[in-house]
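Below is one structure, written out as structure tokens; comments come after it.
The values are calculated or read from the model by the stated rules, or taken from the named source; none is laboratory data. Because the structure is predicted, anything quoted here is derived from the model rather than measured. Cβ sites come from the backbone with ideal geometry, for glycine too, and all protein chains shown count toward neighbours.
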Amino acid sequence: MAKTSTSTQGLRAAIERSGYYPALVAEAVEAAVGGEPIRSYLVHQETTFDQNEVRRHVTVLVLTGNRFIVSHTDEQAADSTSPTPYATTSTESVKIGRISSVVVSRVVANPEQYKPGTLPREVVLTIGWGAVSRIDLEPAACGDPNCEADHGYTGSSTADDLSLRVSEAGDGPETVRQALVFAQSLSEATADLTR
């Protein structure tokens with residue numbers, strides 16, 4: 001389930017509708033937001049299958065006038081460290097000016113028949129602010145096929161702090177729409193800083 005809007009009450013209602021430890025998630029998110037007005041938010045619950053276990057995860061993204069807040073909550077089964085099931089929740093607060101990239105990947109069916117305004121089948125929102133980077137390296141080479149010299153390595157570094165995937169089949173068309181609305185709000189907030 002995903003929801004985007006601009007009110008604290010709307011955010012709490014979206015968290016409650018997700019049904020995923022709403023008191024725990026809401027308290028963590030509201031503490032991170034503090035008294036700042038909310039510009040936009042997105043609540044996304046994801047269920048995954050890990051061997052013989054079903055695991056739930058909820059991500060809450062909040063945009064205020066100054067910050068981008070990310071909250072993750074995961075549930076864990078009882079294990080050797082805890083005799084009872086438990087949940088972990090974390091929040092990260094990032095100044096808008098630190099966001100270096102907002103990437104929106106859209107997957108559309110039958111692109112030759114695409115009409116503007118049609119929802120994509122899937123959206124992947126990737127946001128980078130420099131906390132996590134991925135480096136892809138490969139041996140460098142020259143144009144000479146007979147060259148045996150060591151040319152070192154070449155590669156690229158990609159900011160990959162958060163990647164969130166929503167799909168029409170798994171999450172419903174409203175969730176896809178809401179992810180696009182949040183992505184646009186975040187992109188506009190980062191663009192405002194360059195003006």
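Worth a mention:
- Among the conditions (1) of a type in the set (Phe, Trp, Tyr); (2) closer than 30 Å to Gly117 by Cβ; (3) more than 19 Å from the chain's Cα centre (by Cα), Phe68 misses just one, which is (3).
- Filtered by the rule that a residue be out of contact with any strand residue (DSSP E or B) (no Cβ under 8 Å at 6 or more places or on another chain) and outside any helix (DSSP H, G or I), the range 101-116 gives Val108, Ala109, Asn110, Tyr114, Lys115, Pro116.
- Hits in the range 83-102 - residues which are among the β-branched types (Val, Ile, Thr) and within 18 Å of Pro22 (Cα to Cα): Thr88, Thr89, Thr91
- Of everything listed in (1) out of contact with any helix residue (DSSP H, G or I) (no Cβ under 9 Å at 6 or more places or on another chain); (2) surrounded by fewer than 18 Cβ atoms within 10 Å (Cβ to Cβ); (3) part of a helix (DSSP H, G or I), the single unmet condition for Glu30 is (1).
- Residues of the range 82-99 that turn out to be at pLDDT 90 or above and not in a strand (DSSP E or B), as a count: 6
- Scanning the range 54-77 for residues that are not polar (S, T, N, Q) and not in a strand (DSSP E or B) turns up at least one hit.
- Within the range 136-188, the set of residues being hydroxyl-bearing (Ser, Thr, Tyr) and not in a helix (DSSP H, G or I) comprises Tyr153, Thr154, Ser156, Ser157, Thr158, Ser163, Ser167.
- Any hit, the range 22-33, residues being of a type outside the set (A, V, I, L, M) and within 16 Å of the chain's Cα centre (by Cα): no
- Across the range 125-151, the number of residues qualifying as surrounded by 10 or more Cβ atoms within 10 Å (Cβ to Cβ) and either more than 30 Å from Ile96 (Cβ to Cβ) or modelled with pLDDT of 80 or more (or both) comes to 11.
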